[in-house]
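In what follows, a single structure is set out as structure tokens and then discussed.
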Amino acid sequence: MSRPLVLKGGRVIDPSQKLDERLDLLLADGRVARLGRDLDVPEGAELVTVDGLVLAPGLVDLHVHFREPGDEHKETIRSGSQAAVAGGFTSVCTMPNTDPPIDDPAAVGFVRAEGQRAGFARVYPVGAVSVGQKGEEMTEIGELVAAGAVAVSDDGHPVWSAGLMRRALEYTQAFDIPVFSHSEELGLSGHGVMNEGPVSTVLGLRGIPNAAEDVAVARDCIIAELTGGQLHIQHVSTRGAVEIIAAAKARGVAVTAEVTPHHLALTDEAVRGYRTEAKVKPPLRSAADVTAVRAALLAGVIDCIATDHAPHHYEDKEREFDDAPFGLIGVETALGVCMRELVVSGCLDLPELINRLSCRPAQIARLPAGTLAEGSPADVVVFDPEERWICRPERFYSLSRNTPFAGQELVGRVVMTIVDGRSVFARGADH
Amino acid sequence: MTARVTFGKDLTDLEGLSADQIRTILDVAEPFKEISERPIKKVPALRGKTIVNLFYEPSTRTRVSFEFAEKRLSADTVNISGVGSSVQKGETLVDTARNLEAMRIDMVVVRHRSSGAAQFLADRIPSNVINGGDGQHEHPTQGLLDMLTIRDHLGAIEGRRVCIVGDILHSRVARSNIWGLLKLGAEVAVCGPPTLIPPGIEALGVQVLKRVEEAIEWAEVLNVLRLQLERMEAGYIPSLREYNRFFGISVARLEKAPRDILILHPGPMNRGVEIDSHVADGPHSLILQQVTNGVAVRMAVLYLLAGGRPERAEAAKKESRE
């Protein structure tokens, strides 16, 4: 058991308690022991002075790919969860599209155990909806939950059949977990490699129309309404999807949604020059879509921010655009990108950003996270909201480097991350 | 006296060229035309230069045209095609390029199925890279030779109405034509089945004509694109027969035109599909002249990228006669 820890002099932002003030924080036995003014430092406790820094509940990422098992050259659960804490995330949900996919209880147990062995962020596996993610036969969802899965998803692919989506949204209600949906109509996205629009036309690249997402989101919302199951729409990127989700929420459908930092920050212009690091699914969209997803986040139509951290090896991205894989990494840049794009620009205030990066996602996946209330797990991020830094992928903890933000100035940087009352990350000179 | 027009290391697209650069290439092509008419078709302009023609996609016309252009300028050339080379053994594009580079070459002409492949190479090797057609992006030398051909017949490009007909969505020829023609002040339209018109094409500054009859009514030049059989298999059009009936350029349709219309086609033609034989072989067809002009335009591009000065082109041509 680690020593009690007192963090003194920081600005505590905890939207779960509507707190934003200078308070001290005492962590002991892996819990938040006390939160208050001018706390005494108990005997044997370690004191850390955090003047001028923000203290917040550790960030929660509902959408990461850590590639293990199967593609350990891209990322491992260890490297991914270390990258996560360097980015301020203390809880992450890993997607099941590994090789083999996470579709049985043993695989779920493996991911959990690897996460615990690594000892960085808390790693919560998301199980597959269908066996082998083939979209045919439903997995033993109850067994997956018993082994530690917090949700199910066929992410990487959509749940191809509407009938299977119906069964999943019905059956999961017995275990009180959400279905995370990568909503994409493959008949419309076809062999597309980027957003369909003027830029794809100029570049001569096959386009993925907004409708590929809109149609699938509409289908899934309608099935959620039919079943009463909890649907979570992953990586919303289009203005049409935003309208459909808003309408479903207005009717009382149990739907939540996430958006990625890159869909909040970038348009399909980032692809010009055939930049494979900007090749991602769903694709980076038009300026009108970026405006719409930002407004939806502000309005609460989109509940939270999740990274869709998708590592790929250098040589897989260093090739012709058509042949490069989809995906980009995000856990080490999410806070800096969101601060720059949302807080500095005045779109969201800082407490609301913390809400969307920590409290809301924890609620969606029912994780014991997203709060600094006394008695809750001692998962804390300490960051400097003013620091401007240059994104240098070669210094990432992630094994991969595929980010479209390389070389850009980001705002707000993690100084220290605490999981279970233990410092698991403290920024040194090298990173 | 205007400022001297200069060129970058590569020719990957016409989107990035200025009107002056395009005019300069066409102007330099003029004196080079005559070289191909001589009994001894060779000048020493690129003597000692090594050029690799790296063709990942099958091509007869473009590859042979480049090779003639290179040889008539006295360059040493090597052809590499996808079949039977390391390309087929799975070597990546960048590794192939670096290996060629290690053999100290001066220029690469690349044809590749992926849009952006020429840019990809150009960004990674110091040699001059000329795009011989990349995926559905651009085919700049084809655009240039089309413009040279139009200019030969109409005197100038500015103000002329050119309609590109056919599979615009998948056509690199269409994109290079659109950029080049617009930069030189032409009015440009596209016409084809709506499934083969790319979304947002109007944003480039072209108008979309729904029916080929409208195109014939409007245009002074029709650039008729090849319809690839795969498009039917992929479900973009129901059948070649139907395509010919509604979008094919036939004598009967052209007879209704208010004026004579010049006919271009980048080849290879599907006679009886996008163009009827009587049109292809008719009096207003410029199809073979396009092929002739292709060699001259490519000589001009090679000469200029190798550092040749536009005003010296006439002299470069005469050197061999001394």
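Residue count for region A:312-329 satisfying the condition of being assigned to a loop (DSSP other than H, G, I, E, B) and open to solvent by 10 Å² or more (accessible area, probe 1.4 Å): 7. Looking only at region B:18-37, count how many residues are touching a Pro at 6+ places or on another chain (Cβ under 8 Å) and either within 14 Å of chain A (Cβ to nearest Cβ) or open to solvent by 50 Å² or more (accessible area, probe 1.4 Å) (or both). The number of residues fulfilling the criteria is 1. The residues of region B:187-225 that are out of contact with any strand residue (DSSP E or B) (no Cβ under 8 Å at 6 or more places or on another chain) and surrounded by fewer than 19 Cβ atoms within 10 Å (Cβ to Cβ), listed by number, are B:194, B:195, B:200, B:203, B:204, B:213, B:217. Just to verify a result, which residue in region B:111-154, among those that are among the acidic types (Asp, Glu) and either at positive phi or within 14 Å of chain A (Cβ to nearest Cβ) (or both), is most open to solvent (accessible area, probe 1.4 Å)? For region B:111-154, the residue satisfying everything is B:123. Beta carbons closer than 8 Å, at least 6 apart along the sequence or on distinct chains, pair a first residue in region B:132-160 that is under 20 Å from residue B:28 (Cβ atoms) and among the aliphatic types (A, V, I, L, M) with a second that is open to solvent by 10 Å² or more (accessible area, probe 1.4 Å) and assigned to a helix (DSSP H, G or I) for B:157/B:151. Within region A:3-45, if we keep just the residues that are exposed (fewer than 14 other Cβ atoms within 10 Å of the Cβ) and of a type in the set (Lys, Arg), the residue that is nearest to residue A:420 (Cα to Cα) turns out to be A:3. When we screen A:79, A:16, A:91 for residues that are at pLDDT 95 or above, in contact with a helix residue (DSSP H, G or I) (Cβ under 9 Å, 6 or more places away or on another chain) and assigned to a strand (DSSP E or B), the only hit is A:91.
Taking the criterion of being at the interface with chain A (Cβ under 9 Å from one of its Cβ atoms) and out of contact with any Pro (no Cβ under 8 Å at 6 or more places or on another chain), the residues of region B:157-178 that qualify are B:170, B:171, B:172, B:175. Within region A:228-254, the set of residues being within 25 Å of residue A:150 (Cβ to Cβ) and open to solvent by less than 20 Å² (accessible area, probe 1.4 Å) comprises A:229, A:231, A:232, A:233, A:234, A:235, A:236, A:237, A:241, A:245, A:248, A:253.
Okay, residues lined up against (1) more than 14 Å from chain B (Cβ to nearest Cβ); (2) in contact (Cβ under 8 Å) with a residue 24 or more places away in the chain; (3) at negative phi:
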| site | (1), (2), (3) |
| --- | --- |
| A:266 | yes, yes, yes |
| A:274 | no, yes, no |
| A:280 | yes, yes, yes |
| A:284 | yes, yes, yes |
| A:290 | yes, yes, yes |
| A:298 | yes, yes, yes |
| A:302 | yes, yes, yes |
| A:309 | yes, yes, yes |
| A:313 | no, yes, yes |
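The helices (runs of 4 or more DSSP H) falling completely within region B:124-226 that include 3 or more residues that are farther than 23 Å from residue A:197 by Cβ map to B:140-154, B:212-218. Here is a list: B:237, B:287. Which entry is farther than 28 Å from residue B:141 by Cβ and either touching a strand residue (DSSP E or B) at 6+ places or on another chain (Cβ under 8 Å) or open to solvent by less than 60 Å² (accessible area, probe 1.4 Å) (or both)? Every option except B:237 fails the conditions.
Pairs meeting the criteria (first residue in region B:189-203 and facing another protein chain (nearest Cβ under 10 Å), second residue part of a helix (DSSP H, G or I) and open to solvent by less than 50 Å² (accessible area, probe 1.4 Å), beta carbons under 6 Å, at least 6 apart or on different chains) are B:198/A:201; B:200/A:201; B:201/A:201. Provide a single number: the residues in region A:189-207 that are within 11 Å of chain B (Cβ to nearest Cβ) and either closer than 26 Å to residue A:165 by Cβ or not in a helix (DSSP H, G or I) (or both). Summing the residues that are within 11 Å of chain B (Cβ to nearest Cβ) and either closer than 26 Å to residue A:165 by Cβ or not in a helix (DSSP H, G or I) (or both) in region A:189-207 gives 11.
Candidates in region A:281-321 are the residues that are among the acidic types (Asp, Glu) and modelled with pLDDT of 95 or more; of these, the one that is farthest from the chain's Cα centre (by Cα) is A:289. Taking region A:81-100 as the range and being closer than 17 Å to residue A:151 by Cβ and surrounded by fewer than 24 Cβ atoms within 10 Å (Cβ to Cβ) as the test, only A:97 passes.
Of all the listed residues (B:241, B:245, B:175, B:211), the sole one being under 29 Å from residue B:132 (Cβ atoms) and of a type in the set (Lys, Arg) is B:175. The residues of region B:244-258 that are closer than 17 Å to residue B:283 by Cβ and assigned to a helix (DSSP H, G or I), listed by number, are B:251, B:252, B:253, B:254, B:255.
The values are calculated or read from the model by the stated rules, or taken from the named source; none is laboratory data. This structure is a prediction, so every number in the text was calculated from the model and none was measured. Using ideal geometry, Cβ is built from the backbone for each residue, glycine included, and neighbour counts are taken over all protein chains shown. Ligands, DNA and RNA are stripped out before the accessible areas are found, and what is left, the full protein with its side chains, is counted by its heavy atoms. Shrake-Rupley method; radii C 1.70, N 1.55, O 1.52, S 1.80 Å.
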